[in-house]
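Take a look at the structure set out below.
The values are calculated or read from the model by the stated rules, or taken from the named source; none is laboratory data. Quick caveat: nothing in here was measured; it's all calculated off a predicted structure. No Cβ is skipped: glycine too gets one built from the backbone with ideal geometry, and neighbour counts run over all protein chains shown.
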Amino acid sequence: MDIANLEDTIMEMARSSTARNSVAHPGRRLSIASSAHTRSSSCASSTSHMLGTSPFPAPLKPLPPVPASVRTSQRTSSQPSSCDQSSLDMDRLSHASSTTSSNLSRASMQSFSVRPPVPRRPPEHLRPLYPLEIVYWKQLAGAEKRKSGKTNMVHYLDISTKASTVATKHGNSVIKFWEVSSGDLVGTVKISAYTEAHCRSRDYLIRSHLILSETNHLAAIATRFGRTIEIWDWKINKKLQVIDDTDRWVAGRFETHDVGWSPLAAYRGKDALIDLFAATPQKKPFVKVRTIDIRKAGLPFTPQYPELALSSTSPLLVAAAGPRPPRAGHPPPDRETMLVTWDITDFREVSNAPDRVVRPWQHKELETALPCNLTAYGDLVLSIWIPSGYRTVTNHNARGELEYTLTPVPVPFRYVLVWDLSENSTRTYGIPNTTSCISPDCRFVAYSQVAERRSKIAILDAQSGEEVWSAGGEGNLKSLDQVGDLSKVTDLAFSADGRFLVVGEVDGNTSVYDVRESAF
């Protein structure tokens, strides 16, 4: 490969990105959970390299309005208040998380026995304007009669930027690509996998795959032990590139190389590095252009195995890390939760210094939690955290020395952490510890829960935790007829614009729902 030509190509992409990002800020929609009613804020206790307004450009067009809240009496059973929750003894609010979403859904039934206080409501003028209507559209029939169980079930979903293609993982080694409009299967990739596939959870944090480009039919797929990324052209079923030693990774989506540069970020745990690769029109789709040495970033401590995200509206890389799991004979974690951002506008940058750092240690519910989902959009960073199923107990032995033992605790809730970069503040709210997702535009959080006489699928406003749509719930199970058997749900995913919700099922099928905003 001609390095000079490659640098010229990437330089041109960087200039295009600079021109694109120089557009004036068009304005940001009001946050439902503003500082006036924030249930838990980190302004006073977080660490930040920059305060005030966001250092990077916002979206080129205003975000659509947040849909209205559907105000029902059932919301108290599934959404604990962060403010009240942090004052509770969190040990009784946790239970061991399972490695499969179906088990998580069933286990989350215990959350209904805990009745947390109702979260404070936002002021009337900041409440959503429109309710949601969820309408079934079609099914992508991935079930195969000759297969059953985990060989058939959908373990992971991804939707392309234009919502024209859906990629589903079945069993350990099959990725299927679907054309949404026709419902046709347009590609199948079989990979080598040496670990048993599971749905993403605290105990299984492998990111299965990601659609990079519909135009070029490119997808990044985790293979072998989950530490190898392979770049595939699913149309011709050809492997184009292999990137090894990727303990955590994320990639930007692109349809053309003419606008900005599209990075792929790979975290390497052995050396605490994040390598950045740029998408190019070369034979190998990605080339390494920058390395961030986390040990030289001047952080309070070196985060281990962070979840990664790339903002779809600005050149920003985000990392979120929690503490190591509690261990017998070791003291409990102490303020080891951290989120970090880096400005990656210029791929030639050699500095390791972060753009911003926050340590939301005042949220006691996150004390032992790990992030399983991280999304950045505009000036918002949203993440979902799952607490540990064990708690460290400190005692003195006969010699007066401290001893640390572990005791199991229930985990009925996982927690959504909202980091508002414009205000440099964080807040949290709880959702059932079950299958869940964040929409790429940071507008919605969805979860699907199975519980005796209380099974429910719900969509929340991502910033406030207000429920904007639900089916099922206590005393309302008839409404589940429109979404079917929730015990079959294995994964959820929104399209980039939040207009579609895709639901993976244990039998291998995938259902597509239209998310509509309608006036009263």
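The table below gives the values:
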| item | result |
| --- | --- |
| Matching option when the condition is touching an Asp or Glu at 6+ places or on another chain (Cβ under 6 Å), within 19 Å of Asp355 (Cα to Cα) and modelled with pLDDT of 95 or more, among Ala309, Ala320 | Ala320 |
| Matching residues in segment 166-206 - criterion: being touching a Lys or Arg at 6+ places or on another chain (Cβ under 9 Å), among the aromatic types (Phe, Trp, Tyr) and more than 20 Å from Asp233 (Cα to Cα) | Tyr194 |
| Residue selected from segment 471-507 under the condition more than 20 Å from the chain's Cα centre (by Cα) and surrounded by 24 or more Cβ atoms within 10 Å (Cβ to Cβ), by the criterion farthest from Thr165 (Cα to Cα) | Gly473 |
| Residue list for segment 270-308, filter: among the hydroxyl-bearing types (Ser, Thr, Tyr) and touching a Ser or Thr at 6+ places or on another chain (Cβ under 8 Å) | Thr280 |
| Top-ranked residue in segment 219-269 [being more than 17 Å from the chain's Cα centre (by Cα) and of a type in the set (Ser, Thr, Tyr); ranked as surrounded by the fewest Cβ atoms within 10 Å (Cβ to Cβ)] | Thr256 |
| Residue match in segment 285-292 (condition: of a type outside the set (D, E, K, R), within 25 Å of Asp379 (Cα to Cα) and surrounded by 23 or more Cβ atoms within 10 Å (Cβ to Cβ)) | yes |
| Cβ pairs under 8 Å, 6+ apart, first in segment 288-309 and assigned to a loop (DSSP other than H, G, I, E, B), second crowded, with 21+ Cβ neighbours inside 10 Å and hydroxyl-bearing (Ser, Thr, Tyr) | Tyr305/Tyr267; Pro306/Tyr267 |
| Residue in segment 144-163 that is at positive phi, at pLDDT 90 or above, outside any helix (DSSP H, G or I) and of a type outside the set (Phe, Trp, Tyr) present | yes |
| Segment 331-367, subset among the hydroxyl-bearing types (Ser, Thr, Tyr) and either modelled with pLDDT of 95 or more or touching a Phe, Trp or Tyr at 6+ places or on another chain (Cβ under 6 Å) (or both), residue nearest to Leu421 (Cα to Cα) | Thr341 |
| Segment 463-506, residues that are in a loop (DSSP other than H, G, I, E, B), touching a residue at least 24 places away in the same chain (Cβ under 8 Å) and out of contact with any Lys or Arg (no Cβ under 6 Å at 6 or more places or on another chain) | Gln463, Ser464, Gly465, Glu466, Gly475, Asn476, Val483, Gly484, Ser495, Ala496, Asp497, Arg499 |
| Residue match in segment 442-457 (condition: buried (at least 24 other Cβ atoms within 10 Å of the Cβ), assigned to a loop (DSSP other than H, G, I, E, B), out of contact with any strand residue (DSSP E or B) (no Cβ under 7 Å at 6 or more places or on another chain) and among the small types (Gly, Ala, Ser)) | yes |
| Candidates Lys296, Lys238, Lys288, Lys283 - the one that is of a type in the set (Lys, Arg) and modelled with pLDDT under 95 | Lys283 |
| Residue in segment 387-404 that is within 19 Å of the chain's Cα centre (by Cα) and outside any strand (DSSP E or B) present | yes |
| Any chance Ser439 is in contact (Cβ under 8 Å) with a residue 60 or more places away in the chain and within 17 Å of Phe494 (Cβ to Cβ) | yes |
| Test: residue in segment 416-427 that is surrounded by 24 or more Cβ atoms within 10 Å (Cβ to Cβ), part of a loop (DSSP other than H, G, I, E, B) and in contact with a Ser or Thr (Cβ under 9 Å, 6 or more places away or on another chain) | yes |
